[in-house]
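Undergrad: First, the structure itself, so that you have it in front of you.
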Amino acid sequence: MTINIHLIRTRRPHWGKFSGINQFLKYIDHDKYHVDVYTASDNDEDFPIKNTTVRNWLRFFVQRKGMKYYKLSDLIAEIREFRKCWKDKVDIIHYMDGEHSAQFLPWLCKLPKKVRPKVIATYHQPPKILNLLTNKKVISRLDYVTVVSPEQISYFQGLLPPDKICMILHGIDIDFFRPGSKTKSGNRFRCITVGHWLRDFKTIREVAEKLAPYKDIEFHIVTSHLTGPKLTGLEDLTNVTLYRDTIDDAGLLELYQQSDVLFLPLLNSTANNALLEGIACGLPVVSTHLPSVKVYLSGNEAVLIKDNNPGRLADAILHLVHAPEDRKNMSQEARKRAEELDWKKIATQYEALYSKLANI
């Protein structure tokens, strides 16, 4: 029997072809699980009504109960899905980005189970941010919630029974993100930082300043925060090179492969694409000691510093500069951990969940 799944996800312009949680869809059994994917833009541009007054009123209406990430494109996605539920046989609706798009359709759960699809949502943000972005009444209507890190679970435990919540770790494409076969160019020690969300750029600057006297240490930062009010604060440092996050997949992979360490101080975290991409490329990690980071880096592949102490972070980088054998061992551990999080393995957990829900 084929299980029909309709999956709604948000388009992330900065994600490449091989990044993002939707990658698991490549590896599920498509003979058993038929997935219809609808991708909503992360803005209102594709909303058909162009009248400014109408759009402003609708935007206020859909966000008035706390869902600040919910866009008019998400409204279109839910309307489309509502129509398809009446027209076609749908067993499961899966909101891949619950903070963005799960608002109105979960109320289908008022209907008897025999005449409606099961509705599940995956959430990505830490609890403090979830509290600002979600409508708890909507969550309580869901059939199931999946999270990507352990500290998220407590947020949902007061809203759903424990047997309706599970953690499925984020995976990584280990075939694309892999250690390089070429010898690294030059004799510089390269620290790479990728992304912008919840990155601690203040600490990155302090560490870069501390290590400025070491002319053989470079910082390479890939981020969208290069223009306007969202600058990194790193623009004037001579040992820092900045790249827009519109860099293509091949360019990003080469930057990882030509680097010596993933340097990722974080303000908070759940799952993190850059962390997984880095370890898949065999990079040792210097990052922040957080429960979510620990669950993904569970071995000896990382040095994790509490409270992002700049001195200790700088010392960790210097240790790796001068201890190539430690660096080699951490690199091997990093790749090994990435292989444990291969999307091929993670996809089976989604298959099990879909089968469980379809048979309830």
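Undergrad: Please express the shape of the range 189-340 as an equivalent ellipsoid: the semi-axes are the square roots of 5 times the eigenvalues of the C-alpha gyration tensor, given largest first in whole angstrom.
TA: Values: eigenvalues 89, 60, 49 Å².
Listed largest to smallest, the semi-axes of the range 189-340 are 21, 17, 16 Å.
Undergrad: Sticking with this structure for a sec: Helix-derived [θ] at 222 nm for the chain: sum -39500 (n - 2.57) over DSSP H runs of at least 4, divide by residue count, nearest 500?
TA: -10500 deg cm²/dmol, from helical runs alone.
Undergrad: In a GNM of the chain with a 10 Å cut-off on Cα contacts, which of 329, 51, 239 has the highest mean-square fluctuation?
TA: It is 51.
Undergrad: Among 15, 343, what is the fewest-to-most ranking by other Cβ atoms within 10 Å? Numbers along the way, then the final one.
TA: Working: 15 15, 343 23.
Listing 15, 343 from fewest to most nearby Cβ atoms yields 15, 343.
Undergrad: For a quick check of your reading of the filter: which trypsin sites (Lys or Arg not before Pro) in the range 228-299 sit in a DSSP loop and have no more than 14 other Cβ atoms within 10 Å?
TA: Working: sites: 230, 244, 294; in loops: 230.
Answer in residue order: 230.
Undergrad: Quick one: which residues, 5+ away or cross-chain, put their amide H under 5 Å from the amide H of residue 241? H built at 1.01 Å from N.
TA: Under 5 Å from the amide H of residue 241: 219, 220, 221.
Undergrad: Karplus couplings for the range 263-273 from phi (6.51 cos²θ - 1.76 cosθ + 1.60, θ = phi - 60°), rounded to Hz, Gly and Pro as x?
TA: 10, 9, x, 10, 7, 6, 5, 10, 8, 8, 4
Undergrad: Return the single residue from 161, 126, 310 with maximal mean-square fluctuation; model: Gaussian network over the chain, springs between Cα atoms under 10 Å.
TA: Per the Cα network of the chain with a 10 Å cutoff, 161 tops the list.
Undergrad: Cα-based count: Lys pairs in the range 189-340 below 30 Å, eight or more positions apart or different chains?
TA: Eligible lysine pairs with Cα atoms under 30 Å apart amount to 21.
Undergrad: Mind giving me the FRET efficiency for residue 175 and residue 34? R0 is 25 Å, r the Cβ-Cβ distance, nearest 0.05 is fine. Walk me through the numbers on the way to the answer.
TA: On the way: r = 24 Å, r/R0 = 0.98.
FRET efficiency, residue 175 to residue 34: 0.55.
Undergrad: How far apart, in nanometres, would the label points at residue 231 and residue 56 be if each is projected 7 angstrom from Cα along the Cα-to-Cβ direction?
TA: Going by the 7 Å Cα→Cβ label model, 3.2 nm.
Undergrad: Could you calculate the FRET efficiency of residue 17 with residue 336 from 1/(1 + (r/R0)^6), where r is the beta carbon distance between them and R0 is 25 Å, rounded to 0.05? Working shown, then result.
TA: Details: r = 25 Å, r/R0 = 0.99.
The formula returns an efficiency of 0.50 here.
Undergrad: Right, here's the next one. Taking amide H positions as placed 1.01 Å from N in the peptide plane, with prolines and chain starts having none, which residues 5 or more places from residue 7, or on another chain, fall under 5 Å of its amide H?
TA: Hits under the 5 Å cutoff: 36, 37, 38, 94.
Undergrad: Which whole-Hz couplings ³J(HN,Hα) result when phi for each residue of the range 248-260 is put into the Karplus expression 6.51 cos²θ - 1.76 cosθ + 1.60, θ = phi - 60°, listed in order with x for Gly and Pro?
TA: Values, residue by residue: 6, 4, 5, x, 5, 4, 5, 4, 4, 5, 8, 9, 10 Hz.
Undergrad: Next question. What whole-number value in cubic angstrom gives the convex hull volume per residue for the C-alpha atoms of the chain?
TA: Values: hull volume 50.6 nm³, N = 360.
Expressed per residue, the convex hull around the Cα atoms of the chain is 141 Å³.
Undergrad: Give the long-range amide H neighbours of residue 167: residues separated by 5 or more places, or on another chain, with amide H under 5 Å away, using H modelled in the peptide plane at 1.01 Å from N.
TA: 147
Undergrad: Additional query: For the chain, modelled as a Gaussian network with Cα springs under 10 Å, which listed residue fluctuates most, 46, 175, 31?
TA: Between 46, 175, 31, it is 31 that shows the largest mean-square fluctuation.
Only the coordinates and a few stated rules stand behind these numbers; no lab work does. The structure presented is a predicted model; accordingly, all values stated were derived computationally and were not measured. A quick note on method: Cβ atoms are made from the backbone with ideal geometry, for glycine too, and the neighbour counts reach across all protein chains shown.
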